[in-house]
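For reference, the structure discussed in these notes is given below.
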Amino acid sequence: MFAVPTMASGEEHSLEWSIGLSLLNFGYEEFDTDGRSLNREDGWLPGISASIIERDGAWFGEARASLYGGSVDYDGETQSGAPFTTETKTWLFDSNYRLGHWFGDAPRIAPYIGVGYHRR
């Protein structure tokens, strides 16, 4: 991970950004109405993530995004019920933004509101 804090004039305002590489242990499974496993996908996906955080006094805004992709093992069955295994290409994208405000000294609490987007 690589992070760079950038301070504006004074301690009240700051801007920090980071870029990092990571691995995601991906696991997905589907079940029928009786709870029997129909298929599952498992594997490690390499990814990249980035974030930027801006602080102005007690207020803060934070934006994050990540992208993971690669092949995972598929273990399931065909529509007729015959066992089937293969590898599938999988891409995951996730992003979110939140805006909040710090209150108190010890302990500090920061209520926030946020919005996010996830795509598989």
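The values are calculated or read from the model by the stated rules, or taken from the named source; none is laboratory data. Worth saying up front: this structure is predicted, and the values here are computed from it rather than measured. Neighbour counts are summed over all protein chains in view; Cβ atoms, including those assigned to glycine, are modelled from backbone coordinates with ideal geometry. Areas reflect the complete protein model, heavy atoms only, side chains present, ligands, DNA and RNA absent. Shrake-Rupley method; radii C 1.70, N 1.55, O 1.52, S 1.80 Å.
A few comments on the model shown:
- Computed over protein heavy atoms with a 1.4 angstrom probe, the accessible surface ordering of T85, T90, T33, T78, largest first, is T33, T85, T78, T90.
- Neighbourhood charge, 9 Å Cβ-Cβ cut-off, centred on L92 and excluding it, Lys, Arg +1 and Asp, Glu -1: +1
- Cα centroid separation, the stretch 49-120 to the stretch 13-38 (Å): 8
- Normalised by the number of residues in the chain, the average gap of Cα pairs under 8 Å and 6 or more apart makes the relative contact order 18 percent.
- Theoretical gain in end-to-end length, W44 to D75 [0.36 nm per residue, Cα-Cα removed]: 9.6 nm
- Among A106, A82, A63: highest mean-square fluctuation, GNM of the chain, C-alpha pairs under 10 Å: A106
- In the elastic network of the chain, a GNM with C-alpha springs shorter than 10 Å, the most mobile of G69, G57, G20 is G57.
- Only protein heavy atoms count here; under a 1.4 Å probe, S80 has an accessible surface of about 110 Å².
- Extreme residue, positive dipole direction of the chain, given options W102, T90, F31 (C-beta unit charges): W102
- The Cβ shell under 10 Å around D73 holds other residues with a net charge of -3, Lys and Arg each +1, Asp and Glu each -1.
- Restricting the stretch 8-113 to GluC sites (Glu not before Pro) that sit in a DSSP loop and have at most 15 other Cβ atoms within 10 Å of their own Cβ leaves E11, E12.
- P(r) histogram, all alpha-carbon pairs of the stretch 13-119 included - 10 Å bins from 0, percent: 13, 29, 24, 18, 12, 4, 0
- In this Cβ point-charge picture (+1 for Lys and Arg, -1 for Asp and Glu), the chain has a dipole of about 260 debye about its Cα centre.
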